[in-house]
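Q: Before I ask anything, let me first share the structure, which is written out below as structure tokens.
The values are calculated or read from the model by the stated rules, or taken from the named source; none is laboratory data. As the structure is a computational prediction, the values presented were derived from the model and not from experiment. Here Cβ is always computed from backbone atoms with ideal geometry, including for glycine, and neighbour counts include all displayed protein chains.
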Amino acid sequence: MNKENAQVFEPYKVNIKTGEIEKLFNNDDVANPIMSYLFDKDGTLRGFVRLREGVNMDLYYNKDPKTRNFEVIQQNNWKDTFNPTLNYQTDYPHDAYVVSNLETDKNTVYLYDLKENKVIDKLFSNDNYDISGISLSRNRNYELDYYTFEGEKREIVPVSDYYKKLHNRITAKFPDKQYTIADHTDDESKYLIFLQSDKLYGEYWSYDVKADKFELLYNLMPQLKAEDMAEMRPITFKSRDGITIHGYITLPKAALEGEKVPVIVNPHGGPQGIRDSWGFNPEAQLFASRGYATLQVNFRISGGYGREFLESGFKQIGRKAMDDVEDGLKYVIDQGWVDPDKAAIYGGSHGGYAVLRGLTKTPDLYAAGVDYVGVSNLYTFMETIPPYWKPYEKILREIWYDENIPEEKAIMDEVSPVFHIDKIKKPLFVVQGANDPRVNIDESDQIVRALREKGVDVPYMVKYDEGHGFGKEENRIELYEAMMGFYAKHLKDEELKPAFRD
């Protein structure tokens, strides 16, 4: 928690019965703060990662758990991945499973000796995707059960004989679903399983291993029928400069019947290391129910596709990253799925920025845009980052742009939408939470004020009880009602009558 200093986080132990809180370690060097902690199964702090000079990550490790002598065993750049999980299957206390990209482009799993700081064995990798994690069984002496990675869908690769049997049983029962183990009894005799797909919002099932019995416990949205939901289809295409790009298209029934439908282009937030994923997407299903397709592009800088792909998007936000989104739209147009004259662009946070950038970079491409808590001015965005982002400021400038470098300052002028409002020709709807700590309300105020001063009518929804996105149900309902009306007007040439309430 950043309980004592808003800029840094410290580890605490919480007694869940009494609420008593005990701080376990001091993180008091604000200039070089600790970014993460490595505790063992007994609650002993074994290591931590300290940020140095704003961009370097030093891994400190305690080679003798009886002491608190931490020494640096790794000095990496922030772009490097080195994530250890202690291995308790051996008597040697310094064995660890490490997910790392120090020697490869894609995150790979190694068996590692932390004391000697060396690889013991390479365990698992995938040629196309980063390995995202591993799972251990506490009941079976921390046996390694499986690896996970995300390709077109989330993939589980069983390792232990026990988990291979369990995985095969679950996937045989639910062949078209993705599952996660939400919980289990300590002896692993009963499991709580969460199921989801592109057409299923979510169900919780129990599984009794001994009885080999599954039981549906709870359907989160029983009113939604799979046959009424739209398919989310993985897509792959080449960018204009030859990079392989992945993404998803959610198609309403009319598109499957051969009709070219309106499309909502939906760039994700972040943007670094974030990606869109296959599964139930409430917004895409809402749009499909109104006859709109939804395009989600994992443009360069998205996570999960390896280090080279991630870093190829650094210093390219609003430039080549936007080119990838445009190329994705061209791809789905070429497939005959969508109407090229009825493409809107909508997104939140970085996605909101992409809306404004899209309307200024390619003013004739989109029919309308919805900017949801988006950045409009890269200078003021950097000036108003929240306190807990301050330690990462140098990293942010390596990802986005640094106005102290003349060449990059010129790019910031080029890609900050607020300086190019004269290029906005299509309708824009702006949405903002007044208490947003990440994207200050001034970002939305600037773009709305500038457009209104030019006589442009810009619908502007501000909620003074919201922050970086709307959390309250009544506000979310109002937002989507307004958004559906906006799309109906500008993508279908329909005027929705206001709903009056007594």
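Q: Report, by residue number, each residue of region 281-322 that is under 22 Å from N128 (Cα atoms) and either charged (D, E, K, R) or not assigned by TED's automatic domain parsing to the domain that holds V261 (or both).
A: R300, R307, E308, E311, K320
Q: Also, I was wondering about something else. Going by what's in this entry, would D339 be described as within 21 Å of V415 (Cα to Cα) and in the same structural domain as I421 (by TED's automatic domain parsing)? Let's see the steps before the verdict.
A: Working: within 21 Å of V415 (Cα to Cα): no; in the same structural domain as I421 (by TED's automatic domain parsing): yes.
So D339 does not fit the description; no.
Q: Could you tell me whether L102 is surrounded by fewer than 17 Cβ atoms within 10 Å (Cβ to Cβ) and out of contact with any Ser or Thr (no Cβ under 7 Å at 6 or more places or on another chain)? Lay out the reasoning, then the answer.
A: Values: surrounded by fewer than 17 Cβ atoms within 10 Å (Cβ to Cβ): yes; out of contact with any Ser or Thr (no Cβ under 7 Å at 6 or more places or on another chain): yes.
For L102, the condition - surrounded by fewer than 17 Cβ atoms within 10 Å (Cβ to Cβ) and out of contact with any Ser or Thr (no Cβ under 7 Å at 6 or more places or on another chain) - is met.
Here's the yes/no breakdown for (1) modelled with pLDDT under 95; (2) out of contact with any Leu (no Cβ under 8 Å at 6 or more places or on another chain); (3) part of a strand (DSSP E or B):
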{"residue": "Y61", "(1), (2), (3)": "no, no, yes"}
{"residue": "P65", "(1), (2), (3)": "yes, yes, no"}
{"residue": "N76", "(1), (2), (3)": "no, no, yes"}
{"residue": "D80", "(1), (2), (3)": "no, no, no"}
{"residue": "P84", "(1), (2), (3)": "no, no, yes"}
{"residue": "Y92", "(1), (2), (3)": "yes, yes, no"}
{"residue": "A96", "(1), (2), (3)": "no, no, yes"}
{"residue": "V99", "(1), (2), (3)": "no, yes, yes"}
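Q: Do we find a residue being assigned to a loop (DSSP other than H, G, I, E, B), at positive phi and charged (D, E, K, R) anywhere in region 40-54? Walk me through it before giving the result.
A: Step one: of region 40-54, the residues assigned to a loop (DSSP other than H, G, I, E, B) are 40-44, 53-54.
Keeping just the survivors that are at positive phi gives 43, 53-54.
The next check asks that each one be charged (D, E, K, R); those that pass are 53.
Yes, region 40-54 contains a residue that is assigned to a loop (DSSP other than H, G, I, E, B), at positive phi and charged (D, E, K, R).
Q: If you take just the helices (runs of 4 or more DSSP H) that sit entirely in region 398-502, which of them hold at least 2 residues that are touching a residue at least 24 places away in the same chain (Cβ under 8 Å) and of a type in the set (S, T, Y)?
A: Details: elements: 406-415, 441-453, 473-491.
Fully inside region 398-502 and qualifying: 473-491.
Q: Now for a different question. Just to be sure I understand, how many residues within region 9-23 are in contact with an Asp or Glu (Cβ under 8 Å, 6 or more places away or on another chain) and either among the basic types (K, R) or surrounded by 12 or more Cβ atoms within 10 Å (Cβ to Cβ) (or both)?
A: Summing the residues that are in contact with an Asp or Glu (Cβ under 8 Å, 6 or more places away or on another chain) and either among the basic types (K, R) or surrounded by 12 or more Cβ atoms within 10 Å (Cβ to Cβ) (or both) in region 9-23 gives 4.
Q: Against the condition over 22 Å from R300 (Cβ atoms) and either of a type in the set (D, E, K, R) or more than 21 Å from the chain's Cα centre (by Cα) (or both), how does E393 come out, does it pass?
A: Numbers: over 22 Å from R300 (Cβ atoms): yes; either of a type in the set (D, E, K, R) or more than 21 Å from the chain's Cα centre (by Cα) (or both): yes.
When the stated conditions are applied, E393 passes them.
Q: Which residues, taken from region 325-366, are over 23 Å from M232 (Cβ atoms) and either touching a helix residue (DSSP H, G or I) at 6+ places or on another chain (Cβ under 7 Å) or surrounded by fewer than 20 Cβ atoms within 10 Å (Cβ to Cβ) (or both)?
A: Applying the first criterion (over 23 Å from M232 (Cβ atoms)) to region 325-366 yields 341, 353, 356-357, 359-365.
Scanning region 325-366 gives D341, L356, R357, T360, K361, T362, P363, D364, L365.
Q: Yes or no: E215 free of Cβ contacts under 8 Å to residues at least 60 places away in the same chain, on the phi < 0 side of the Ramachandran plot, of a type in the set (D, E) and assigned to a strand (DSSP E or B)? Show your work before the answer.
A: Details: free of Cβ contacts under 8 Å to residues at least 60 places away in the same chain: yes; on the phi < 0 side of the Ramachandran plot: yes; of a type in the set (D, E): yes; assigned to a strand (DSSP E or B): yes.
Criteria met by E215.
Q: Report those strands (runs of 3 or more DSSP E) wholly inside region 114-194 carrying at least 3 residues which are in contact (Cβ under 8 Å) with a residue 40 or more places away in the chain and surrounded by 13 or more Cβ atoms within 10 Å (Cβ to Cβ). Outline the logic, then answer.
A: On the way: elements: 118-124, 131-137, 143-150, 154-158, 178-184.
Hits in region 114-194: 131-137, 143-150.
Q: Of all residues being closer than 24 Å to M484 by Cβ and of a type in the set (A, V, I, L, M) in region 442-461, which is surrounded by the fewest Cβ atoms within 10 Å (Cβ to Cβ)? Just the residue, please.
A: Per the stated criteria, the residue is V456.
Q: Quick check on region 4-13. Is at least one of its residues part of a strand (DSSP E or B), more than 25 Å from K390 (Cβ to Cβ) and modelled with pLDDT under 95?
A: The first filter runs over region 4-13 and keeps only residues part of a strand (DSSP E or B), leaving 12-13.
Going one step further and asking which of them are more than 25 Å from K390 (Cβ to Cβ), we end up with 13.
Now drop any that are not modelled with pLDDT under 95, which leaves 13.
Yes, some residue in region 4-13 is part of a strand (DSSP E or B), more than 25 Å from K390 (Cβ to Cβ) and modelled with pLDDT under 95.
Q: So which residues in region 373-391 are surrounded by 19 or more Cβ atoms within 10 Å (Cβ to Cβ) and more than 23 Å from E414 (Cβ to Cβ), if there are any at all? Walk me through how you get there before you give the answer.
A: Filtering region 373-391 for residues surrounded by 19 or more Cβ atoms within 10 Å (Cβ to Cβ) gives 373-378, 381, 391.
P391 - this is the single residue of region 373-391 that is surrounded by 19 or more Cβ atoms within 10 Å (Cβ to Cβ) and more than 23 Å from E414 (Cβ to Cβ).
Q: Moving to a separate point now. Could you please find all residues in region 240-249 being among the small types (G, A, S) and surrounded by fewer than 20 Cβ atoms within 10 Å (Cβ to Cβ)? Break it down stepwise before answering.
A: The first filter runs over region 240-249 and keeps only residues among the small types (G, A, S), leaving 242, 247.
Hit for region 240-249 is G242, nothing else.
Q: Checking N87 against (1) of a type in the set (S, T, N, Q); (2) under 21 Å from Q196 (Cβ atoms); (3) touching a residue at least 24 places away in the same chain (Cβ under 8 Å), which test does it fail?
A: The number of the failed condition is (2).
Conditions (1) closer than 30 Å to I249 by Cα; (2) under 20 Å from the mean Cα position of the chain (by Cα); (3) modelled with pLDDT of 95 or more, marked per residue:
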residue	(1), (2), (3)
N69	no, no, no
I73	no, no, yes
L111	no, no, yes
E116	no, no, yes
I120	no, no, yes
N126	yes, no, yes
I134	yes, yes, yes
Y146	yes, no, yes
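Q: Kindly indicate whether V439 is assigned by TED's automatic domain parsing to the domain that holds G351, modelled with pLDDT under 95 and surrounded by 17 or more Cβ atoms within 10 Å (Cβ to Cβ).
A: Working: assigned by TED's automatic domain parsing to the domain that holds G351: yes; modelled with pLDDT under 95: yes; surrounded by 17 or more Cβ atoms within 10 Å (Cβ to Cβ): yes.
Taking the combined requirement at face value, the residue satisfies it.
Q: Can you tell me how many residues within region 51-68 are over 25 Å from Q272 (Cβ atoms) and exposed (fewer than 11 other Cβ atoms within 10 Å of the Cβ)?
A: Adding up the residues that qualify gives 4.
Q: Residues of region 275-292 being surrounded by fewer than 21 Cβ atoms within 10 Å (Cβ to Cβ), among the hydrophobic types (A, V, I, L, M, F, W, C) and more than 15 Å from the chain's Cα centre (by Cα), which ones?
A: Correct list: L286 only.
Q: Same structure, new question: Are there helices (runs of 4 or more DSSP H) fully within region 266-349 with at least 2 residues that are more than 30 Å from A226 (Cβ to Cβ)? List them.
A: On the way: elements: 282-289, 307-311, 320-334.
Output list reads 307-311, 320-334.
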